[in-house]
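A quick write-up on the structure given underneath.
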Amino acid sequence: MALIDRPTMMNDMEAVHRHIIDRRSANRSLPPYRAALTEEIVEILSTFFAKERPAAAVSGVRRVGGGASKEQFFFTLSEGGKEEKFLLRMDPRSAITETDREREFTLIGAMQGRVPVPEPVWIDNDANHFPQAAAILRVVSGVTKPSDAGVKVSGLGTWLGPDLRAKIKDQFLDHLVEIHRYDFRANPLPGFEVPDADPKQAARWAYNYWRELWDVDEGEARPIMALASQWLADNMPDTADLVMLHGDYRTGNYLFDEDSGEITALLDWELARIGDYHEDLGWVLMEIFGAFDPDGTFRASDLFEREEFIGEYERRSGRSVNRKTLHYYDVMSSWKCNVIVAANGLAAARSQHNHQDVLLTFLAAAAPMFANDLVRLLSKGAPA
């Protein structure tokens, strides 16, 4: 019997992910969500800081453009002649990726001094003060794409060019290696469970969570998704080396200084978990997050050719990349992206539970690209 048919195996996932799925299911019947107005955020922040920092004044509140999952606002706190800039990151009712603010907040705190990250300052995961779960982080300077990149979703087909590529690529890989070095056993993080009950549990936790998200939000039957789901269930690899995963590591999810090329902050830690390092590698290597030269040369995140990235990761991390396991997570990465754009994003838009319903509907147009990628990956089979 395939793993996909085993009820006890299908229910095996982290407690926080079970909570997220149950919350998403329960929210489906709620009325439409209205994006917060700037003046409302001013009032909410002013009330919040009247308790947290009574002598500070809130000013310069403005909505942050871009992003497909969270409502975000820049603001300034002024106190004693000093100004500090912060970012409010608040959940809508339903998002293209369902996550937990406290896990993200906790992990960013643990990564302070290890890799460049924003400083997490305040958290309201239970929405005791803010309308939805929220976190406040200190603002870091930088951009997510070159200024001449045009108007596009950050990270999708971004072209950095030779100069920025040369400045960024080593930092990008070194930071990933450092994340994977985090000793979560010696320094356990609240809310993060370790999938070590058996060798396949890491893969099973990832599979079960995303499969159930698809089941909750699926709008229509898609044969390629049924095929990929069964293939992933039947071919789960053993995990020999568990690491802390970023979960969404790619160009578009870090800030950099455009002049120096220095990476100033790694962003979007909301999909982080403990799992197989091949899962992060498969995500980095997805074609939609990379770029192709006119001669057909592909570079992951417009930084590394595929074999170059694999070889350098092995050299810098001291780990071996199992090509069969990597192929599994190549397939899972495209499959997860299908879940995100073709199910989660569209469901959030249809239910009017997100402030970015137009963008989420637009992103659904990427589903055929991920479906085509699944066909490509499943057709060629795993390396021997």
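So the values come out like this:
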| quantity | calculated |
| --- | --- |
| Point-charge dipole on Cβ atoms (K/R +1, D/E -1) for the stretch 239-384, about Cα centre, debye to 20 | 760 |
| Antiparallel DSSP beta bridges within the chain, percent to nearest 5 | 100 |
| Over the stretch 1-138, relative contact order from alpha-carbon pairs under 8 Å, at least 6 apart, % | 18 |
| Rounded to 10°, Cα long-axis angle of helix 161-181 versus longest principal axis of the chain | 80 |
| Residue-normalised accessible area of the chain, given per residue in Å² at a 1.4 Å probe | 42 |
| Within the accessible area of the chain (1.4 Å probe), percent carbon and sulfur | 52 |
| Neighbourhood net charge (11 Å Cβ-Cβ; Lys/Arg +1, Asp/Glu -1) for F304 | -2 |
| For the stretch 374-382, 3J(HN,Hα) per residue [Karplus equation, 6.51 cos²θ - 1.76 cosθ + 1.60, θ = phi - 60°, Hz, x = Gly/Pro] | 4, 4, 4, 5, 6, 6, 7, x, 7 |
| In Å², nearest 10: area of S141 left accessible to a 1.4 Å probe | 90 |
| Most fluctuating residue given options N344, N187, N208, as computed from a GNM of the chain linking Cα atoms under 10 Å | N187 |
| Between helix 306-317 and the chain: long-axis angle, C-alpha atoms, 0 to 90°, nearest 10 | 70 |
| Cβ-defined net charge surrounding M90, 12 Å radius [Lys, Arg +1; Asp, Glu -1] | +1 |
| 10 Å beta-carbon shell around F74, net charge (K/R +1, D/E -1) | +3 |
| For W122, distant residues with modelled amide H under 5 Å away | I136 |
| Long-range HN-HN contacts of V117 with modeled amide H, under 5 Å | L266 |
| Along each principal axis, Cα extent of the stretch 29-104, largest first, Å | 45, 24, 23 |
| ³J(HN,Hα) computed for each position of the stretch 266-273 - Karplus, 6.51 cos²θ - 1.76 cosθ + 1.60, integer Hz, glycine/proline x | 8, 10, 6, 8, 5, 9, 5, 6 |
| Which of I288, I136 is most accessible, then next, and so on - probe 1.4 Å | I288, I136 |
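The values are calculated or read from the model by the stated rules, or taken from the named source; none is laboratory data. None of the values given here were measured: they were computed from a predicted structure. Don't worry about glycine lacking a Cβ; one is built from the backbone with ideal geometry, like all the others, and counts go over all protein chains shown. Just so you know, the surface numbers come from the protein's heavy atoms only, side chains and all, with ligands and any DNA or RNA stripped out. Shrake-Rupley method; radii C 1.70, N 1.55, O 1.52, S 1.80 Å.
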